[in-house]
1. Which of the listed residues, Val109, Ile156, Pro180, is farthest toward the dipole's positive end in region 40-278, when Lys, Arg count +1 and Asp, Glu count -1 at the beta-carbon?
2. Ranking Glu459, Glu423, Glu157 by Cβ neighbours within 10 Å, fewest first, what do you get?
3. If we restrict to alpha carbons, what Rg and Dmax does region 40-278 come to, in Å?
4. Fewest first, what order do Met343, Met66 take by the number of other Cβ atoms within 10 Å?
5. Farthest toward the dipole's positive end in the chain, which of Ala396, Ile354, His420, given Cβ charges of +1 (Lys, Arg) and -1 (Asp, Glu) about the Cα centre?
6. Give the long-range amide H neighbours of Phe308: residues separated by 5 or more places, or on another chain, with amide H under 5 Å away, using H modelled in the peptide plane at 1.01 Å from N.
7. Please work out whether region 448-510 counts as rounded, prolate or oblate from its C-alpha gyration tensor, where a ≥ b ≥ c are the square roots of the eigenvalues and a/c under 1.5 means rounded, while otherwise a/b larger than b/c means prolate and anything else oblate?
8. Pop out the ³J(HN,Hα) list for region 479-487 in order, Karplus 6.51 cos²θ - 1.76 cosθ + 1.60 with θ = phi - 60°, rounded to Hz; leave Gly and Pro as x.
Amino acid sequence: MVGYRPAMSKLWTRLASAPALVVVAASTAIPLLAISVQHIASADIFAVWRRPGVTDALFFSLWQGMLSTVLTLAFGLFPTWVLARYRFAGRSILVALVTVPFVLPTIAVGAAFLAVLPTSLHRTTWAILLAHIFFNISVVVRTVGPLWRSVDQGLIESAQTLGASPAQVYRHLILPIARPAIISAGSLIFVMCFTSYGIIRILGGPGLATLDIEIYRRAVQLGDISGATVLGITQTLCIACAFAWWSRSQGAQFSKIGDRNSARALNRSSRIIVFLTATAFTAPLGALISSSLHTRDSWSLTGWKVLFGLQDIRGLDIDLPSSLATSLVYALAATAIAVPVGMAATAFARRHWIHTAVVLPLSTSPVVLGLAILITYDRAPFDFRSSRLLIPLVHAAIALPFVMRATIAIGNVIPPDLRHAAETLGASPWRRWLNIDLPLLRPALATGVAFSLAMSLGEFGATSFLTRRNSSTLPISIANLFSRAGDIPRSTGMAAATLLIFITGLLVVSVDRRSYS
């Protein structure tokens, strides 16, 4: 990866990378190392794989992850080609609509699919696969789209002039150009689906447990900390290798699909693809809103009234102001950590190991991360269980790779001549960075803020371990509502999920709409 190198001395750039390493060490490396040393019984290293449910969870994680990846690529390449090669009214809106699900709370995405799918598909593999496709298509659009955008239309026309059919052009010209990006996107999608937790928690049924669900079950319900740790560390090592490879890949960046004068107007087939894509991405959200307005098969505002405390239901307590305030405070704190730390870490970006290091929290299952932190920081001298900084620290660590990638992508196109001219005029390294680099990095700053806020607001896996009764976040409250039987808890949960999606989507689109269009 070509690294962005700001106008600072080598000593300062090395010091600038230190906070990122501290965040990763405190949130991930130290807890994983501590739990491995203190809580793994040697007999469990092999024995745990023979315990009931473990091999089933591993097998299900593997095959649903592979199938979800194949289906996401299959359905995602068509809209990616249209968004990359055609111009049409509302294109930027469709790009945003396709992009936003990747940073939506998984618990809310699961709720949306409960709302849009018929009851016969609830708690089935099909529901999980469809939710994974919806959630991860933006990876294909953002990774493959820029490469297809750069394909010279003259090459395609030349191939057609020589008698190549559209299928032959696609197979022999278009696909080979995008193959590295497709492989990178596929690897990231597989990891996301393999470690899926929030979606499985909402949409999964008997026999549909991933390894993350099994880790949670062993640690929380069975008290098998040693077995859960073996599963978690093994999974983390495998995923870290995949993410390290993805992190080094140029094609795996979330790139902007810009406008070009050579883009063509829509034809009949591309119009159909645009219509189907728009329908597929609006239907779950529309159904979620509709379900929040239904109680006992009739239109009702009961769910929203209960959510906002305007109606009391015996046994159903939800403190929306507290949950929402807690989520926002955590999100702001995580952003205040992730954005400056991530932007500073790009000063050391030419060293590949810094990318491998900061990607460790993202490559660690949130369930494993939450378990490791809960166990590690529960005794002196590291008894931080009551500290409210733990959750924002974890959220910031998860957002770090995205902040760094956004900064590098824009930093790489800053003309070096600007810095050289300022240096010639006697400007110090810090003055050059403040007056040249920082103003030009404002789009990256906005993107980093949007990603950090959205990821913190929607994080569920690690937070489910670390949250306390008096500090529940909105995703935790939603999960608690869906765990209750009855129409009113369900409609209230749908209303809360709608609110969370609205807040997250508004943040992502409004903080820097240009980053997604």
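Bear in mind these aren't lab numbers, they're just calculated from the coordinates by the rules spelled out. These figures come from a predicted structure and were not determined experimentally. When we count neighbours, we look across all protein chains shown, and the Cβ atoms used for this are built from the backbone with ideal geometry, even at glycine.
1. The one lying farthest along the dipole's positive direction is Ile156.
2. Working: Glu459 27, Glu423 14, Glu157 11.
Going from sparsest to densest Cβ surroundings: Glu157, Glu423, Glu459.
3. 20.6, 68
4. Going from least to most buried by this count: Met66, Met343.
5. In the chain, that residue is His420.
6. The answer is none.
7. Judged from the Cα gyration tensor, region 448-510 comes out oblate (a/c at least 1.5, b/c at or above a/b).
8. 4, 5, 5, 6, 7, 8, 7, x, 6
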